[in-house]
Amino acid sequence: MIPINKPILGNEEKEEVLKVLESGMLTDASYEGGKYTREFEAKLEKILGCKHVIAVNSGTAALHCSLLAIGVKRGDEVIVPSFTFVATANVVLACGARPVFVDIGEDYNIDPAKLKKAITRKTKAIIPVHLYGYPANMDEIREIASKDNIALIEDAAESLGAEYKGRQTGTLSDAGCFSFYATKVVTTGEGGAISTNSDEIAEKVTMIRNHGMVEGYDSRVLGLNYRLPEISAAIGLKQLEKLPSYIRKRRENAEYLNERILDVKGVEFKQSSKDRTHVFYLYTLSVKRSRDDLLESLKKKGIGASVYFRIPVHKTPLYSSLGYGSLKLSKTETAAREVISLPVHPAVTGEQLDFIASEFIKEARKLLK
Ligand SMILES: Cc1ncc(COP(=O)(O)O)c(C=O)c1O
């Protein structure tokens, strides 16, 4: 099976991990964190072109720390898309606040026009997601947020390296949240980071990832253990060096598929615009009909085609039980029915890519005629 995504690890990562093991310093519970963690943060600051990066142990932790840092609490509302991974909304619940789901636009990202209508006096924050590695419409979203003094937190879990008008995603708001889960654009196994240009948010997030402590056993604010282990940071350092080549390969692969596939009737690629660059964490198409039949036939051929996300967050059993089930988000529901992602990760070979394109075209023509 050609997997939809997979971690790509080499000798560089192995050697770096061995160094950590030999040092005996597997983690560091100080305010600043360990040597590898600090190096990892500095490297990411340089890549993103932002003032602060604070590494944590998952993308979920990054989102949760950010919401706690801006003071999201019971009684507050936080606007999120429903067409995302459930973590985007779960962190809102974890703060005791209420997620307010807003529909997406044509590009699968939150629709600024609908976002505007969802704002109330209780709205404390907005979390746009750069879905599949494609930037949301940040200018319009930022304008809406700043008009009412609402905090803006980017969920950039899938978009490391993507740019909006020449600026990195994750640096276009109060704080950006990244994930380094095993199959992300770069990985630390599990891991995450918060990027911010605000000294105040950086200081709070640094405390929050470590039980609110500054000098040890002096908890000043509510925090948890969200520290990144040193082995993970060491892997991440080597992965960040490879980021430009990973992105280049993903783009080449996606462009190849677009050239081969897009003249099939009923198939559409919806994430392109002159002012944004895509990192193709997922290369995703919409197919008008028979998506699941297409998925099954590709899987039978050994192509790890996948659907992100089949169930919008507001329709999951958890959120249905919280009363969101009857909410109507028509574009979200259409996308959940139509999207299909194909493998474009850097380890997909030219031969495999040709096979993916040929099989997709053959099956799609049969099913969509
Ligand atoms: C859009 C989105 N948000 C948040 C997360 C959460 O990241 P993590 O799995 O590292 O907690 C992920 C990935 O898993 C994601 O894809």
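The values are calculated or read from the model by the stated rules, or taken from the named source; none is laboratory data. Predicted model, so just to flag it, every value in this text is computed and none were measured. Cβ coordinates were reconstructed from backbone atoms using ideal geometry, including for glycine residues, and neighbour counts include every protein chain displayed.
Only one of these conditions is not met by residue 229: (1) buried (at least 23 other Cβ atoms within 10 Å of the Cβ); (2) within 15 Å of the ligand (Cβ to nearest atom). Which number is it?
It fails just one condition, (1).
When you check residue 101 against the structure, is it aromatic (Phe, Trp, Tyr), closer than 23 Å to residue 280 by Cβ and in contact with a Phe, Trp or Tyr (Cβ under 8 Å, 6 or more places away or on another chain), yes or no? Give the steps one after another, and end with the answer.
Values: aromatic (Phe, Trp, Tyr): yes; closer than 23 Å to residue 280 by Cβ: no; in contact with a Phe, Trp or Tyr (Cβ under 8 Å, 6 or more places away or on another chain): yes.
Considered against the rule, which asks whether it is aromatic (Phe, Trp, Tyr), closer than 23 Å to residue 280 by Cβ and in contact with a Phe, Trp or Tyr (Cβ under 8 Å, 6 or more places away or on another chain), residue 101 comes out as no.
Yes or no: the range 338-355 includes at least one residue that is at negative phi, under 25 Å from the mean Cα position of the chain (by Cα) and of a type in the set (Phe, Trp, Tyr).
no
Give me the strands (runs of 3 or more DSSP E) completely within the range 109-192, filtered to those with at least 1 residues that are at pLDDT 95 or above, within 12 Å of the ligand (Cβ to nearest atom) and charged (D, E, K, R), ordered by residue number. Before the answer, list the steps.
Numbers: elements: 123-126, 151-155, 175-179.
Filter on the range 109-192 gives 151-155.
From the list 37, 27, which residue is in the same structural domain as residue 209 (by TED's automatic domain parsing), in contact with a strand residue (DSSP E or B) (Cβ under 8 Å, 6 or more places away or on another chain) and surrounded by 15 or more Cβ atoms within 10 Å (Cβ to Cβ)? Step through it out loud before you land on a result.
Details: 27 fails: in contact with a strand residue (DSSP E or B) (Cβ under 8 Å, 6 or more places away or on another chain).
After ruling out the rest, the residue left standing is 37.
Regarding residue 297, is this residue in a strand (DSSP E or B) and either touching a strand residue (DSSP E or B) at 6+ places or on another chain (Cβ under 9 Å) or crowded, with 17+ Cβ neighbours inside 10 Å (or both)? Steps first, please.
Working: in a strand (DSSP E or B): no; either touching a strand residue (DSSP E or B) at 6+ places or on another chain (Cβ under 9 Å) or crowded, with 17+ Cβ neighbours inside 10 Å (or both): yes.
Against the criterion (in a strand (DSSP E or B) and either touching a strand residue (DSSP E or B) at 6+ places or on another chain (Cβ under 9 Å) or crowded, with 17+ Cβ neighbours inside 10 Å (or both)), residue 297 does not qualify.
I'd like the full set of residues that are touching a residue at least 12 places away in the same chain (Cβ under 8 Å) and under 16 Å from residue 230 (Cβ atoms), limited to the range 39-52.
Going residue by residue through the range 39-52, those that are touching a residue at least 12 places away in the same chain (Cβ under 8 Å) are 39-41, 43-45, 47-52.
Within the range 39-52, 39, 40, 41, 43, 44 meet the criteria.
Could you please let me know if residue 207 is away from the ligand (no atom under 16 Å from the Cβ), at pLDDT 95 or above and more than 21 Å from residue 42 (Cβ to Cβ)?
Working: away from the ligand (no atom under 16 Å from the Cβ): yes; at pLDDT 95 or above: yes; more than 21 Å from residue 42 (Cβ to Cβ): no.
No; evaluated as a whole, the condition is false for this residue.
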